[in-house]
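First the structure, in the form of structure tokens, and then the observations on it.
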Amino acid sequence: MNWNLGSSRPLRCALPLILLAAPAAAQETPYAKINAAAATSPVTLHPLRNGVVMLEGSGGNMIALSGPEGIFMVDDGIAVSQDKIGAELRRIGPGPLRYVVNTHWHWDHADGNVWTHQAGAILIGSANTAKHLGETMRVVEWGHTFTPEPADGRIAMIVDGDRTMAFGDEQIRLRRYVPSHTDGDVSAFFRNANVLATGDTFWNGLYPFIDYVAGGSIDGMIAAANANIAMVDGGSIVVPGHGPVGDRAALIEYRDMLVAIRDNVAALKRQGKTLEQTIAAHPTAAFDAKWGQAIISPALFTTLVYRGV
Ligand SMILES: [Zn+2]
């Protein structure tokens, strides 16, 4: 196989500056805007450690590792980015795609399943992720109804506990979280490289989305954040679902933000405040400058927390 390495590009953050407010009857849905951003964004490769790289620029962050067997991926982005993702994978190694882990069912992490499977990958994920990929799911906040994934895009290897896969010199530990961002989130920890891919249980510098339709909750998000903190050490590289690469300290700051806002919103709800009154009280105010500038607005994050307390 002829792998063209292509030209290297400077690293930059291409996170689309889309702020999801409360759902509205807009002409263009958040789903459409995020797809459009992926269509125009470059896909950028960030080398991490021991050959593990992060790919960014197509919805959620992706991870890839080239080994003697081929390429192991975590998440495969939005399908419109296929050519750009494929070009970056060719830069890291000549082998075929062997495995793709879906950290969860959301299209900005798993929409590439059909092409990656057709390229040879075995798709891996939790039973609930497999279930959601096979059914019709309405996500109000994104203004979109997802229809069942074609057979080629379905998960073939279920991981519902704790499983370690050997891949070349690397040991990749896959673990199910408690229901948190969804009811099917899975992490991937590259043990030798000391790189943890958290999926959307961690958004670095951004308020996270919480998918209540698929079993997520704010308390689950806090539990998953604590699980992530327990999995890593001071030298770990932590790849969030969205935002730049982080570390253990960033995970702790994120967990503390979640806990503080949860407590603020719960106190207002206990006082009998409606959702509208709670949003008006700005329970996220101390955190908005850092966490509320892109994708999930302070009002939407308040709404998501209020629903779960
Ligand atoms: Zn997600």
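Every read-out reported here was derived from the displayed coordinates using simple, explicitly stated rules and does not represent laboratory data. Note that the structure is predicted; figures quoted are calculated from it, not measured. For neighbour counting, all protein chains shown are included, and Cβ atoms are generated from backbone atoms with ideal geometry for every residue, glycine included.
How large is Rg/Rh for the range 205-309, to two decimals, with Cα atoms and a Kirkwood Rh? Here the Rg-to-Rh quotient is 0.97.
Among Tyr99, Tyr31, the ranking by other beta carbons within 10 Å of each residue's beta carbon, starting with the fewest, stands as Tyr31, Tyr99.
In terms of packing, defined here as the mean over residues of other Cβ atoms within 10 angstrom, the peptides 239-249, 207-217 line up highest first as 207-217, 239-249. Computed from the Cβ-Cβ distance with R0 of 25 Å, the FRET efficiency linking Asp160 to Asn192 stands at 0.55.
Think of it as helices only: each DSSP H run of n ≥ 4 in the chain is worth -39500 (n - 2.57), and spread over all residues that comes to -9000 deg cm²/dmol at 222 nm. When the Cα positions of His117, Pro94, Ala281 are compared along the charge dipole of the chain, Ala281 comes out farthest toward the positive end, with charges on each C-beta of Lys, Arg, Asp and Glu. According to the square roots a ≥ b ≥ c of the eigenvalues of the Cα gyration tensor, what is the shape class of the range 32-144, taking rounded for a/c under 1.5, prolate for a/b larger than b/c otherwise, and oblate for the remainder? Since a/c reaches 1.5 but b/c is at least a/b, the shape of the range 32-144 is classed as oblate.
Sorted largest first, the principal axis extents computed over the alpha-carbon atoms of the range 87-143 equal 40, 23, 17 Å. Subtracting the Cα-Cα distance of Arg49 and Asp152 from 0.36 nm times their residue separation leaves 33.9 nm of extension gain.
When +1 charges are put on Lys and Arg Cβ atoms and -1 charges on Asp and Glu Cβ atoms, the dipole computed for the chain relative to its Cα centre reaches about 280 debye. In this structure, the residue pairs whose Cα-Cα separation is over 30 Å, taken from Lys131/Lys269; Lys269/Lys290; Lys33/Lys131; Lys33/Lys84, are Lys131/Lys269.
Judged by the ratio a/c of the largest to the smallest principal axis of the C-alpha gyration tensor, the range 19-259 counts as rounded, that ratio being less than 1.5.
Contact order, relative form, for the chain: 15 percent (alpha carbon pairs under 8 Å, 6 or more residues apart, mean separation divided by residue count). Assuming a ≥ b ≥ c are the square roots of the Cα gyration tensor eigenvalues, decide whether the range 156-255 counts as rounded (a/c under 1.5), prolate (otherwise, with a/b larger than b/c) or oblate. Oblate.
Model label sites at Asp169 and Thr274, defined 7 Å from Cα along the beta-carbon direction, differ in position by 6.2 nm.
Cα centroid separation, the range 206-229 to the range 79-157: 21 Å. For Gly67, the amide hydrogen comes within under 5 Å of the amide hydrogens of Phe72, counting only partners 5 or more places away or on other chains and with H modelled in the peptide plane. Taking other C-beta atoms within 10 angstrom as a stand-in for reagent exposure, Ser58, Ser41 fall in the order Ser41, Ser58, fewest first.
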